[in-house]
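What follows is a single structure, written as structure tokens, with notes after it.
Derivation of every value follows stated rules applied to the coordinates shown; laboratory data play no part. Keep in mind that what you see is a predicted model, and the values were worked out from it rather than measured. All Cβ positions, even for glycine, are placed from backbone atoms using ideal geometry, and neighbour counts span all protein chains on display.
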């Protein structure tokens, strides 16, 4: 059995415009703060260690009113501008056609992942779609990856598994789970010093198949 676990934002799909719009909505309504750019948001999200509430809302902790406003706004906003990266859908379809098992492990809430992937027409290709709300510890913890590997009854000696993502948290979660990380540079991060780096989705086929 071959298993490929994908990150979502910045790997499968480009969501930075909608994320930024919803963050700026919270900044304006709850904190009277000026807008931040998409580039600022992506840089903050990709930091290995960061306090997003401080970076986005200038609060030390993620206030419940900010969480509620963001999630209610993003529930509608998340499908307004989101797109799959070029070549992603074709690559996913080919992996499935060759019998590769594919799933999603994202630090976004599961409800948004399901909504966005369904909107883009690829949700049914995945066996498991799990977000940070379904585990105690999100990536870089391997908890989501272990959940998915257990779903497939993964055996290290007989099976092969990869984690495909666009930032260090994906790499660290893969290493902690004992599977191979693949770093992609077509999304939120344009370069990497990781051992296994791919520039286009179809390059995954050369590695996995």
* To do: Could you tell me whether any residue of the range 134-141 is within 16 Å of residue 7 (Cα to Cα) and exposed (fewer than 14 other Cβ atoms within 10 Å of the Cβ)?
  => yes
* To do: Being part of a loop (DSSP other than H, G, I, E, B) and buried (at least 22 other Cβ atoms within 10 Å of the Cβ) is the filter here, so list the residues in the range 9-44 that pass it.
  => 10, 11, 12, 15
* Asked: Hey, does the range 154-167 have a residue that's without any contact (Cβ under 8 Å) to a residue 60 or more places away in the chain, out of contact with any helix residue (DSSP H, G or I) (no Cβ under 6 Å at 6 or more places or on another chain), crowded, with 21+ Cβ neighbours inside 10 Å and under 17 Å from residue 13 (Cβ atoms)?
  -> no
* Structure fact -> Counting only helices (runs of 4 or more DSSP H) entirely within the range 45-103, those with at least 2 residues that are touching a residue at least 12 places away in the same chain (Cβ under 8 Å) and loosely packed, with under 15 Cβ neighbours inside 10 Å are 64-77, 88-97
* Output the residue which, of all residues in the range 168-180 that are in contact with a helix residue (DSSP H, G or I) (Cβ under 8 Å, 6 or more places away or on another chain) and not in a helix (DSSP H, G or I), is surrounded by the fewest Cβ atoms within 10 Å (Cβ to Cβ). => 180
* To do: Give the residue that is farthest from the chain's Cα centre (by Cα), with candidates limited to residues of the range 181-193 that are without any contact (Cβ under 8 Å) to a residue 60 or more places away in the chain and surrounded by 16 or more Cβ atoms within 10 Å (Cβ to Cβ).
  => 192
